[in-house]
């Protein structure tokens with residue numbers, strides 16, 4: 001069974017641009033969550049999608065958005081990029097929303113904003 | 001969100017058992033304790049989770065105290081590849097959704 005796949009693995013963008021990151025969850029998983037990891041703030045929750053609906057959102061500005069498609073694949077978008085958006089962006093998938101359901105992470109997309 | 005407290009760093013000799021403690025004194029009755037680890041610049045790897053009973057899988061054992069206010073992750077025979085940051089997380093439910101709240105974790109170094 002394939003794991004969580006994130007594309008691209010690495011990305012370099014310029015301030016002011018926008019970027020779209022993709023996440024394909026494990027087959028059969030319907031929940032996808034996104035996290036941002038930076039050296040200063042650690043791992044922070046961005047948002048969670050389940051059955052194409054955003055179920056929870058972290059404390060990030062509106063420049064960060066996401067969506068989920070009917071096949072459970074998810075994308076996150078960051079508009080008007082800032083230098084501080086440079087980070088490792090991680091996606092996690094789980095089979096459902098029960099508290100005893102494990103979440104499995106992809107290898108992440110490393111975004112560098114210059 | 002339920003908060004966890006872990007030591008910043010720990011060392012362990014290769015081949016010995018590594019015991020990583022975690023305090024979660026504000027945990028609620030239906031909240032699970034999860035452990036993940038992250039090897040440098042990779043995505044976090046799921047290790048184990050539990051509610052109130054001790055759990056064991058091929059990677060580790062999880063011992064949860066009877067009052068559920070603390071737990072210990074045990075790697076029975078640590079290898080150099082177990083060097084990583086280990087996160088203890090209490091998974092909470094808010095409005096029908098869940099999220100993982102990561103702390104700073106414990107940086108475990110396995111020494112040859």
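Observations
- Residue in the range A:17-24 that is away from chain B (no Cβ under 14 Å) and in contact with a helix residue (DSSP H, G or I) (Cβ under 7 Å, 6 or more places away or on another chain) present: no
- Counting only strands (runs of 3 or more DSSP E) that sit wholly inside the range B:63-106, those with at least 2 residues that are at pLDDT below 95 and more than 8 Å from every other protein chain (Cβ to nearest Cβ) are B:84-94.
- Residues of the range B:17-37 that turn out to be over 11 Å from the mean Cα position of the chain (by Cα), within 14 Å of chain A (Cβ to nearest Cβ) and assigned to a strand (DSSP E or B), as a count: 1
- Residue within the range A:102-109 that is within 11 Å of chain B (Cβ to nearest Cβ), in contact with a strand residue (DSSP E or B) (Cβ under 8 Å, 6 or more places away or on another chain), free of Cβ contacts under 8 Å to residues at least 60 places away in the same chain and not in a strand (DSSP E or B) present: yes
The values are calculated or read from the model by the stated rules, or taken from the named source; none is laboratory data. Remember, it's a predicted structure, so these values are computed and weren't measured experimentally. Every residue, glycine as well, gets a Cβ built from its backbone with ideal geometry; the counts of neighbours run over all protein chains shown.
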